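Structure first, commentary second.
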Amino acid sequence: MKHCNTCDTDKPREEFHTRKASKDGLSPKCRACAKAYDDVRANDPHRVAARLKYAKTEIGKAAKARAINEWTRKNPKKSAAHTWIGNAVRDGKITKKPCEICGDTYRIHGHHDDYDKIYDVRWLCAQHHTDWHKLHGEAANPR
């Protein structure tokens, strides 16, 4: 057991990130408190503005391109499925439908339960798509 200095509770050692600088090798904050802190910090207006400013620079654009290329290389099936969906919607071959959970029509994602079944798509709003992945992980039927 270890004491979290932030939420002032005792938790199992597995609930803490490793930290070489600490005597016990663990962070003084539990994972939940560290995530809450990071979420607030990431949404701080001056940090958001700095990220947007960086993204508009040549270095920022190059970094984004490298990240996209790396993701595409590591996820060829996903990349092909995303491209197919985007092209099919653009060409009018398929039409985005409302979210199958809430019926929302804003920021709809085409979700593949199985990337081998490229035509088998369910439509989810951004929030329900995120929730699906939180519940099921990256994919219910990974390949």
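The values are calculated or read from the model by the stated rules, or taken from the named source; none is laboratory data. A quick note: this is a predicted structure, and the numbers were derived from the prediction, not measured. All Cβ positions, even for glycine, are placed from backbone atoms using ideal geometry, and neighbour counts span all protein chains on display.
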> Going by the conditions given, is Ala36 touching a Phe, Trp or Tyr at 6+ places or on another chain (Cβ under 8 Å) and either at pLDDT 95 or above or among the small types (Gly, Ala, Ser) (or both)?
Replying inline: no
> If you go through the stretch 64-105 one residue at a time, how many are among the hydrophobic types (A, V, I, L, M, F, W, C) and more than 18 Å from the chain's Cα centre (by Cα)?
Replying inline: 9
> Got a number for residues in the stretch 27-64 being under 30 Å from Cys7 (Cα atoms), assigned to a helix (DSSP H, G or I) and not aliphatic (A, V, I, L, M)?
Replying inline: 11
> Restricting the search to the stretch 104-125, which residues are in contact with a strand residue (DSSP E or B) (Cβ under 8 Å, 6 or more places away or on another chain), surrounded by fewer than 16 Cβ atoms within 10 Å (Cβ to Cβ) and closer than 17 Å to Glu138 by Cβ?
Replying inline: Asp113
> Which numbered condition trips up Gly86, out of (1) in the same structural domain as Tyr119 (by TED's automatic domain parsing); (2) at pLDDT 95 or above?
Replying inline: (2)
> (1) surrounded by 10 or more Cβ atoms within 10 Å (Cβ to Cβ); (2) of a type in the set (Val, Ile, Thr); (3) in a helix (DSSP H, G or I): which one isn't true of Ile101, the others all being true?
Replying inline: (3)
